[in-house]
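Read the structure below first, then the notes.
The values are calculated or read from the model by the stated rules, or taken from the named source; none is laboratory data. Just so you know, these numbers come straight off a predicted model, no measurement behind them. For neighbour counting, all protein chains shown are included, and Cβ atoms are generated from backbone atoms with ideal geometry for every residue, glycine included.
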Amino acid sequence: MTPHAPLIIDVEGLSLTAVDRRRLKHPLVGGVTLFGRNWQDREQLTKLCRAIKKVRRDLLICVDHEGGRVQRFRTDGFTHIPAMRALGELWLNDGKRGEGAGAMQATNAATACGFVLGAELRACGVDFSFTPVLDLDFGESSVIGDRAFARDPRVVSLLAKSLMHGLMQSGMANCGKHFPGHGYVKADSHVDIPVDKRSLKAILADDSAPYDWLSTTLCSVMPAHVIYPKVDARPAGFSSKWLNDILRTQLGFNGAIFSDDLSMAGARLLDGKEVSFTEAAMAALRAGCDMVLLCNQSLDGGQAVDALIDGMTEAQLKGDWAPQEVSEERRLALLPRVAAPDWDSLMVQPEYMHALDQLP
């Protein structure tokens with residue numbers, strides 16, 4: 001048995017197929033990411049999550065569920081969480097209560113957002129959401145935009161910490177993204193390879209400051225598919241300098257590191273050469289990632305998912321890549337440690353009802 005299961009894959013539809021189950025049973029698969037196509041209603045989602053856990057209890061069930069335009073489940077009772085920019089705007093609105101009143105209201109609302117978001121997901125069986133976004137809002141990036149709290153890294157850090165406190169209250173871990181910062185570049189790494197030409201000093205003083213200030217609070221981090229040529233020729237998620245030398249050693253982060261989606265354009269070209277999903281996965285893991293994501297590839301037969309699993313298995317057997325026990329410990333640490341109330345119980349929970357009243 002392998003000491004680590006680094007692959008986070010997806011499943012095709014509303015319920016597990018025999019092929020999905022076969023893939024999820026593979027010892028190199030450590031989790032699954034859910035998307036809008038995996039959602040019909042709460043009952044269906046809950047059954048799907050139970051079926052995944054029946055395959056293997058240790059599988060981490062993940063989703064991109066930040067609020068605003070990045071919220072996979074929006075109907076059948078799920079609360080519409082505001083975009084994080086709404087919290088940043090609330091921070092600036094002191095009203096009649098004096099200087100700083102807006103900041104206090106915003107941090108309270110952020111905690112409420114985190115609790116509602118995490119509690120509703122957990123009531124349906126989802127373990128983990130890739131949130132919060134720690135990117136700064138420079139007003140240039142369409143892919144980040146209102147997903148960011150604010151331009152000021154101090155505001156971002158305090159609002160993110162408040163949101164993470166709410167997630168913790170719901171029993172859910174957190175994931176800061178996209179290290180060291182995606183907000184400065186205009187290009188979208190889903191379809192392009194963004195390049196940020198600023199110096200390391202400038203990035204650390206500004207964009208990366210939240211990762212320093214939140215190093216004792218962050219459970220996991222997702223690096224950006226962005227190239228910072230004054231630091232490394234490779235995107236941050238494939239750079240040992242960024243992940244080991246800067247994030248872990250200089251900034252003191254000890255949690256799990258996820259790659260961003262390996263199917264994004266920003267992950268498909270390394271050192272000027274187009275790479276396969278397996279080559280990209282091994283490059284990310286060697287650079288310091290603990291887990292790698294391959295998203296939206298289970299459709300139409302899922303040949304890409306099978307190729308990645310087979311390729312990683314072959315690489316392990318050949319000794320080209322070796323799983324790390326510390327990475328498995330970091331993965332397992334993201335699983336909820338206490339049982340969550342079911343949906344009906346959550347709806348009458350005083351803490352939940354109070355949090356709903358605090359949302360902006």
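Structure notes:
- Cβ-Cβ under 6 Å pairs, at least 6 apart or on other chains, region 304-328 side in contact (Cβ under 8 Å) with a residue 60 or more places away in the chain and part of a loop (DSSP other than H, G, I, E, B), far side surrounded by fewer than 17 Cβ atoms within 10 Å (Cβ to Cβ) and among the polar types (S, T, N, Q): Pro323/Thr2
- Residue tally, condition exposed (fewer than 14 other Cβ atoms within 10 Å of the Cβ) and under 17 Å from Asp357 (Cβ atoms), over region 78-95: 1
- Within region 281-310, if we keep just the residues that are of a type in the set (Gly, Ala, Ser) and surrounded by fewer than 18 Cβ atoms within 10 Å (Cβ to Cβ), the residue that is nearest to Ala256 (Cα to Cα) turns out to be Ala307.
- Inside region 124-146, residues that are surrounded by fewer than 24 Cβ atoms within 10 Å (Cβ to Cβ) and touching a helix residue (DSSP H, G or I) at 6+ places or on another chain (Cβ under 6 Å) make up a count of 2.
- Flag if Lys197 is surrounded by fewer than 22 Cβ atoms within 10 Å (Cβ to Cβ), without any contact (Cβ under 8 Å) to a residue 40 or more places away in the chain and outside any loop (DSSP other than H, G, I, E, B): no
- Number of positions in region 2-32 that are out of contact with any helix residue (DSSP H, G or I) (no Cβ under 8 Å at 6 or more places or on another chain) and within 21 Å of Glu329 (Cβ to Cβ): 2
- Picking from residues in region 312-332 that are among the hydrophobic types (A, V, I, L, M, F, W, C) and more than 17 Å from Ile61 (Cα to Cα), the one that is surrounded by the fewest Cβ atoms within 10 Å (Cβ to Cβ) is Leu317.
- Filtered residues of region 61-71 (kept if out of contact with any Ser or Thr (no Cβ under 9 Å at 6 or more places or on another chain) and either in contact (Cβ under 8 Å) with a residue 12 or more places away in the chain or farther than 21 Å from Gln40 by Cβ (or both)): Gly68, Arg69
- Within region 55-81, if we keep just the residues that are in a loop (DSSP other than H, G, I, E, B) and either closer than 14 Å to Ala160 by Cα or among the hydrophobic types (A, V, I, L, M, F, W, C) (or both), the residue that is farthest from the chain's Cα centre (by Cα) turns out to be Phe78.
- Under the condition of being touching a strand residue (DSSP E or B) at 6+ places or on another chain (Cβ under 9 Å) and surrounded by 14 or more Cβ atoms within 10 Å (Cβ to Cβ), the residues counted in region 333-360 number 3.
- Residue match in region 332-349 (condition: part of a helix (DSSP H, G or I), within 21 Å of Leu28 (Cβ to Cβ) and either modelled with pLDDT under 95 or in contact with a Ser or Thr (Cβ under 9 Å, 6 or more places away or on another chain) (or both)): no
- Flag for Arg50 being more than 16 Å from the chain's Cα centre (by Cα), without any contact (Cβ under 8 Å) to a residue 40 or more places away in the chain and either part of a helix (DSSP H, G or I) or under 24 Å from Leu332 (Cα atoms) (or both): no
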